[in-house]
Structure formats: C-alpha cells, structure tokens
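Worksheet: the structure to be examined is printed underneath.
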Amino acid sequence: MSHDHDDRPGLNAAQAEAALNPPPGRVGGDLVTETLQGLGAATVFGVSGRPAPGLSGALRRSALAYVELGAENNAAFAADAYGRITGEVAVLLLTAGPGALAALPALQEAAAASAPVLAVCAQVPAAGLGGRRHGHPRELRDQQASFREVVKSVHPVRTASQIPSAIAAAWESALTAPHGPVWVEIPEDVLRAETVLPPVSALDATPRELYPRPELTLVAADLLARAARPAIIAGGGVVRADATGKLRALAERIAAPVATTYGGKGAFPWEHPLSLRSWPGDPRVTELLEAADVLLVVGSGLGALSSGGHTFAPRGRIVQIEADAGKLEANHPALGIHSDAREALDALLDAVEPREDATAADRVRTTLETAPVQAADQEHGPAADQGSGPDARVLAAVRAALPDTAPSFWDLTPLTTRAWSAFDARRPNTMHSAQGAGGPGYALPSATGAAFADPTTPVLAVTGEDDAPHTAAELTTARRYGLPVTWLLVDGDGPGASGVQDGGPDAVRPDLVALTESLGVPALRSTPASLATDLTTALRAPGPSVIVLRAR
C-alpha cells in the first residue's frame, strides 16, 4: 500500500541547516517562543519585569512583542480581550504558584466567553512534582488541579522535547469550537536548561471543524418550515462563529423574530423589522418567545443571565445549536445539535424551505412599542421599569460618541445591566462585560488588551467609582504604550453608579480626577448633558484619557 506524504510540512535550506547545527545559547524557553511564533503568535501578555524563568532571554531573542501589565489578573483580562477581538489565540505567560492563581478569575471569564487564551505557566522544578515536597518557592502540591475545572484543557510538560507538541495541542484545543482558555505547564528547570534540540519548525495545529449531524439538520429544518410561530434566540456563539450574516438570512427565510442574549449583542441588526433586540428584559418579549411553537436557540446555553434567572418557560419545541456539548439541553429539553453555529446555520439554510408570514414584523413592532426598556439586576433577573431616566441619557450619550467599530468593556454596574438590554451595539463583537466571573476590575485591563489588537481604533472602558481603584494603576500601561483607551468612571453620586453608599455622606472616596492625573493621564469631569461632547473628544484624542461622570 502506498502513502502520499506530499502534504507533510518540510524544511527549507536554512531550517535544515539550523536543525543539523542548532545555534548555541538556547534554553527551554526558546522552544516556547519558537513554537508560539511558528503557530502564528505575534503578541504575548504577562507581568511587568517578571516573565517565567527561562523566558526573559528567549523573549528578547524572539520577534514576539511582550506586553507588560501590572498584575497577573490584569494581564489575563488583557489576553482575554485580545482573543475576543481578534478571534486568534491570545498567549499569556504566568509564573508558578501565586502568580498563576491570581489569573484564575480572568481565566474563568475567558471560559464563560469562550475566548481562546493559551496560558503558559511555569511550575516548580521537576524534582518537586509528583507529591514530593522540597520546599521550592511558589510550590503547590497540584497546581494543575486549581485550573482543570476552569480551563478547557490542560497540557503538562516534563521535558524540553515535549514543549512544541504540548503547545501545539493546546493551540488547537483553544481554537476548536467551542473556543476557550487552555493551560500549558512547564517546570522552571526545563525552561532554564540549555537545549541542543533544533529550532522549532513545521508545526500544524489546525482546529477541528464541528459540523452538525445531517439527520438532525433535516429534522430541525422541517420543524422550522412547518412552524406557525417560530422564533430565534441568538447567543454569543453566533458572534464568535462569525455567523451573523447566516443568522439574518435564516430569520428572513422563515420570517422568525430574533432576540439576542446579552452575550449575543450585535448578532442581529437592532433596527431590523424582525429584531426583538436584547433579551431578557420586558415580559412582553418574553411572552412572545415563550409562545413560539418552535424556538431555535443558537449559540446559547440559556443560563441564568440569558433566561431571566432561569425563569424562562418556553411552551413549544426547542431546537438548540451549541458547540459546547455540556450546554446542550442543560436547562431545557430540546432537539440538541452539537455544532459550531456557523456550520449549523449554513446547513439549515441549505435544508429549510422558505416560510411566508406577513404578520411577523407587525408582531415584533407591536411588542416593542408596548414594551418599556428594562434593566436586568445583578442577580440575573428583570428589574423594575427604568423608563427614560438619567441612565437612558448616559447610554444615549455613549452611543452617540462611540464609533460603531469601537469595542467597549463594561464592569458590572447598574448602568451596565441597563446597557445589556438597552444599548445598541450596532456591530457584533463590540460590547463586552464580565458575565462569567463577574468581579470588579475587568473593564480597564480588557480595554488595554483590545487596544493592542487594533491600536488604530479607540476603546472604551466603563467602571463605577467604587471599583476604579482596583485597576487604576493599569492607566500607566495604557500611557506607556500610547494606547487609545478612554476610561469612563461613573461617579458614586452619578447616574449608573454602583450605589454603594454604606459609608454615608462622610465616606472617604478618592478624587478620581486627581488620581488619574497623578498617573500622567488627562482627566475631565463631565455631566450627562455634556457627556456626548466630552466623550467624543476623548475618543478622538491620541493616547489614554479619563472621564469622571457626575450627576449634574
């Protein structure tokens, strides 16, 4: 039997020479950087002045750009945002022990958002592994165990020869649907030790495609074509799969109203005649979705935040398309189709017969005209009617000032929960918030990472006054690199503030303008009336800036 090996990667003359005569002075860390470059990485994130042992010199010898942030969790948030914006693997370098553990909340956020982050973490010397306790600095009995339930896959390394294969396998895992963070762990002595292995070349880490089963596609297409009142809920999986065009085509073919989850913002045009906009929120929109005789859920597990705190009770047949098999039918019985959203929607478009319904757009219009804008509370359920109060003015000002292509990153505040329902993202993959870990300190370091993904586009971060001190130091990162990041701080007395007033009128709060100016970043106090103008000016200016929003 003959075999065709023509598709195997080969070496050019220079690579062959380097393989036979490896350059001197290389260590295990060089195998890491060479592998990353060979896979296509250009930027890596880490902590200022403290990359893992063996990597400092390797980074200097490589063409990789090392982005230095002030703390491990902030570096991980930046990597998460870089992965979300580019759709490419974002590389994160971590030290062993406390440095690695500090990144856990951000990696949980990346897991919730299916962001492709590759964390390369140092480990104590190999002699201290396997339960042997030699008292090495930063020693944990089982460092991997702290991350296995958070990341998508774990790839331990114990010798230098294992480094390229482990990183390539992790890279493939991060980019195979569903995307997610992955973990590579390498002992410090392996990273530091000199190596005579040849430079890394000829890597292949092509992600696997996730196609729907054809018999399930056929059943789903039949259900949708024969439905009397179909409807669609689109989640973040549609955005990540770059399937927004296919979603629109399918909705128009079967005349189905479309609501997007908060993570799916931008998956369907806000002003489209079939658009129910962001949901959950108003009970009238919920009723329309619950009354659908066939409900197509694409790229969402209908978790707590995407179902009004698990109060959503659809009465018809559900067809669920989801790349994460663990989310299929996790909350509702359904015809579960394990597939990437783009591949499944493409297959449905080929299989489904057009459906005529002249009343669908009228039902959507009537529902939206009678539905007041509502915000979700921080316990993931609908809140009281917000009407057209000051938060609405603030969101309108932000929308007016923010370019359609500019990404925004929001810490969890009441203004953010209102924005989940009421803010028109206009473009997919432009509004991001901490929906996974949910803790403070997400917005500014994430905006920093997004600015590295595209330094020509301004980025907005939104944070409440009480959370600002958590990450204010990262303004120095934005200033050092000259990044176009504008930080909107919603003051404690202003609209959309966090509402933490336990200290009463005598509570001590920092002067946020003075704080940011002390870091060398220009700051401005604004009001809802002047916010659109002030924010427009800040977003157009080069480098970072800060706006503190006051009530009046």
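Determine, yes or no, whether E322 is buried (at least 17 other Cβ atoms within 10 Å of the Cβ), among the acidic types (D, E) and under 24 Å from E215 (Cβ atoms). Talk me through it step by step, then tell me what you get.
Values: buried (at least 17 other Cβ atoms within 10 Å of the Cβ): yes; among the acidic types (D, E): yes; under 24 Å from E215 (Cβ atoms): yes.
When the stated conditions are applied, E322 passes them.
Among the candidates T537, T533, T476, which residue alone is over 23 Å from A397 (Cβ atoms), at pLDDT 90 or above and surrounded by fewer than 19 Cβ atoms within 10 Å (Cβ to Cβ)?
T476
Please verify whether the stretch 399-418 includes one or more residues that are open to solvent by 20 Å² or more (accessible area, probe 1.4 Å), assigned to a strand (DSSP E or B), over 16 Å from F77 (Cβ atoms) and modelled with pLDDT under 90. If you could, list the steps in order and put the result at the bottom.
We begin by selecting, within the stretch 399-418, every residue open to solvent by 20 Å² or more (accessible area, probe 1.4 Å); these are 399-400, 403-405, 412, 414.
Filter once more, so that each one left must be assigned to a strand (DSSP E or B): none.
So far as the stretch 399-418 goes, no, none of its residues is open to solvent by 20 Å² or more (accessible area, probe 1.4 Å), assigned to a strand (DSSP E or B), over 16 Å from F77 (Cβ atoms) and modelled with pLDDT under 90.
Condition check: over 25 Å from Q15 (Cβ atoms) and open to solvent by 20 Å² or more (accessible area, probe 1.4 Å). Does D222 satisfy that?
Judged against the criteria, D222 is a match.
Can you tell me which condition R284 does not meet? The list is (1) surrounded by fewer than 18 Cβ atoms within 10 Å (Cβ to Cβ); (2) within 20 Å of D350 (Cβ to Cβ), and all the others hold.
Checking R284 against (1) surrounded by fewer than 18 Cβ atoms within 10 Å (Cβ to Cβ); (2) within 20 Å of D350 (Cβ to Cβ), the one that fails is (2).
Return the residues of the stretch 261-274 that are closer than 24 Å to D350 by Cβ and either open to solvent by less than 10 Å² (accessible area, probe 1.4 Å) or in contact (Cβ under 8 Å) with a residue 24 or more places away in the chain (or both); say none if nothing qualifies.
Let us first name the residues in the stretch 261-274 that are closer than 24 Å to D350 by Cβ, namely 264, 267-269, 272, 274.
Hits for the stretch 261-274 are G264, A267, F268, H272, L274.
For the stretch 295-314, what are the residues that are surrounded by fewer than 24 Cβ atoms within 10 Å (Cβ to Cβ) and either among the β-branched types (V, I, T) or touching an Asp or Glu at 6+ places or on another chain (Cβ under 9 Å) (or both)?
Result: G301, A304, G309, T311, F312, A313, P314.
Where residues in the stretch 502-526 are among the aliphatic types (A, V, I, L, M) and surrounded by 11 or more Cβ atoms within 10 Å (Cβ to Cβ), which of them is modelled with the lowest pLDDT? Step through it out loud before you land on a result.
Step one: of the stretch 502-526, the residues among the aliphatic types (A, V, I, L, M) are 507-508, 512-515, 519, 521, 523-524.
Checking which are surrounded by 11 or more Cβ atoms within 10 Å (Cβ to Cβ) leaves us with 507, 512-513, 515, 519, 521, 523-524.
On the way: A507: 54, L512: 85, V513: 90, L515: 87, L519: 90, V521: 95, A523: 95, L524: 95.
Per the stated criteria, the residue is A507.
With the checklist (1) at pLDDT 95 or above; (2) under 26 Å from G38 (Cα atoms); (3) open to solvent by 20 Å² or more (accessible area, probe 1.4 Å); (4) part of a loop (DSSP other than H, G, I, E, B) in hand, flag the one item P164 doesn't pass.
(4)
If I go through the stretch 24-49 residue by residue, how many of them are assigned to a loop (DSSP other than H, G, I, E, B), under 25 Å from the mean Cα position of the chain (by Cα) and surrounded by fewer than 19 Cβ atoms within 10 Å (Cβ to Cβ)? Walk me through it before giving the result.
Within the stretch 24-49, the first condition is being assigned to a loop (DSSP other than H, G, I, E, B), and the residues that meet it are 24-26, 40-42, 48-49.
Now narrow it down to the ones that are under 25 Å from the mean Cα position of the chain (by Cα): 40-42, 48.
Next cut, surrounded by fewer than 19 Cβ atoms within 10 Å (Cβ to Cβ) only: 40, 42, 48.
Total satisfying the criteria: 3.
Where residues in the stretch 196-219 are of a type in the set (A, V, I, L, M, F, W, C) and open to solvent by less than 40 Å² (accessible area, probe 1.4 Å), which of them is nearest to P164 (Cα to Cα)?
For the stretch 196-219, the residue satisfying everything is V200.
Evaluate the stretch 173-183: report whether one residue or more is open to solvent by 20 Å² or more (accessible area, probe 1.4 Å) and in a helix (DSSP H, G or I).
yes
Could you list, in sequence order, the residues of the stretch 318-344 that are assigned to a helix (DSSP H, G or I), in contact with a strand residue (DSSP E or B) (Cβ under 7 Å, 6 or more places away or on another chain) and touching a residue at least 60 places away in the same chain (Cβ under 8 Å)?
A341, A344
Those residues that are part of a loop (DSSP other than H, G, I, E, B) and crowded, with 24+ Cβ neighbours inside 10 Å, I need them from the stretch 71-102; list them, please.
V89, A96
Within the group A193, A169, which residue is over 28 Å from A113 (Cβ atoms), of a type in the set (G, A, S), in contact (Cβ under 8 Å) with a residue 24 or more places away in the chain and surrounded by fewer than 21 Cβ atoms within 10 Å (Cβ to Cβ)? Let's see the steps before the verdict.
Values: A169 fails: over 28 Å from A113 (Cβ atoms).
Criteria check complete, one pass: A193.
The values are calculated or read from the model by the stated rules, or taken from the named source; none is laboratory data. Everything numeric here is computed off the predicted structure, so don't read it as measured data. Neighbour counts run over all protein chains shown; Cβ positions are idealised from the backbone, glycine included. Surface areas here come from the heavy atoms of the whole protein model, side chains and all, with no ligands, DNA or RNA. Shrake-Rupley method; radii C 1.70, N 1.55, O 1.52, S 1.80 Å.
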